[in-house]
Amino acid sequence: FEVTVNPFPEVACPEPMAVCTDTPSFPLDGATPPGGSYSGVGVAQGLFHPELAGSGVHTITYLYADTLGCSAACSFPIEVIALPELACPDPLTICTDTAPLALSGAQPEGGTYAGPGVENGIFDPAEVGPGILLLSYEYSDSDGCNAACTFEVNVVARHR
């Protein structure tokens with residue numbers, strides 16, 4: 001009798017990748033030959049869910065079975081990078097006739113302030129008038145992950 005030994009399929013995985021925790025779920029692809037299945041922490045129905053996987057390096061496995069029933073697998077890492085941790089400035093109370101001031105106090109430094117009355121990091125209370133405002137601070141780290149926080153500014157009219 002004859003025995004035929006078939007070779008295992010040649011399987012190749014995608015390159016390692018890195019994503020931020022807030023990256024939307026995305027389809028896993030790039031492994032060859034197509035038609036196999038992906039598995040690992042954060043993988044469901046062919047999608048990778050960074051938020052579910054959590055920060056850290058996760059090994060994703062690609063398993064392919066050919067029409068003869070022979071199978072092979074490969075693995076590749078996906079690093080999920082945590083968002084930067086921010087500290088916003090404390091709430092601020094300022095009078096409407098106070099001169100425009102440079103916003104500061106958010107950590108880490110190097111981000112961008114935005115909101116009503118803010119231009120290029122300078123807040124002008126006269127531009128917005130009395131009221132409680134919500135301003136924001138956004139920061140992008142060296143990995144390209146972004147985070148934002150908000151803080152209150154209470155602009156009050158000076159009584160004479």
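The values are calculated or read from the model by the stated rules, or taken from the named source; none is laboratory data. Note that the structure is predicted; figures quoted are calculated from it, not measured. Cβ atoms come from the backbone with ideal geometry, glycine included; neighbour counts cover every protein chain shown. The protein model used for the area step is the full one, side chains on, heavy atoms only, and it has no ligands, DNA or RNA in it. Shrake-Rupley method; radii C 1.70, N 1.55, O 1.52, S 1.80 Å.
Before moving on, here are some points about what is shown:
- Scan of segment 111-124 for residues that are part of a loop (DSSP other than H, G, I, E, B) and either charged (D, E, K, R) or modelled with pLDDT under 95 (or both), ordered by number: 124
- Residue match in segment 89-105 (condition: closer than 19 Å to residue 146 by Cβ, surrounded by 14 or more Cβ atoms within 10 Å (Cβ to Cβ) and in contact with a Pro (Cβ under 6 Å, 6 or more places away or on another chain)): no
- Segment 23-101 holds strands (runs of 3 or more DSSP E) entirely within its bounds, and those carrying 2 or more residues that are over 30 Å from residue 153 (Cα atoms) map to 37-39, 56-65, 71-81.
- Members of segment 130-150 found to be touching a Ser or Thr at 6+ places or on another chain (Cβ under 6 Å) and either open to solvent by less than 90 Å² (accessible area, probe 1.4 Å) or closer than 13 Å to residue 86 by Cα (or both), listed by number: 136, 138, 146, 148, 150
- In segment 1-27, the residues that are in contact (Cβ under 8 Å) with a residue 40 or more places away in the chain reach residues that are open to solvent by 60 Å² or more (accessible area, probe 1.4 Å) and of a type in the set (D, E, K, R) with C-beta atoms within less than 6 angstrom, at least six apart or across chains, in these pairs: 18/79; 21/51.
- Segment 106-129, residues that are open to solvent by 60 Å² or more (accessible area, probe 1.4 Å) and closer than 17 Å to residue 85 by Cα: 107, 109, 110, 112
- Test result for residue 86, more than 19 Å from the chain's Cα centre (by Cα) and open to solvent by 20 Å² or more (accessible area, probe 1.4 Å): no
- If the condition is being within 27 Å of the chain's Cα centre (by Cα), over 30 Å from residue 85 (Cα atoms) and open to solvent by less than 60 Å² (accessible area, probe 1.4 Å), then segment 1-38 contributes 13, 14, 30, 31, 38.
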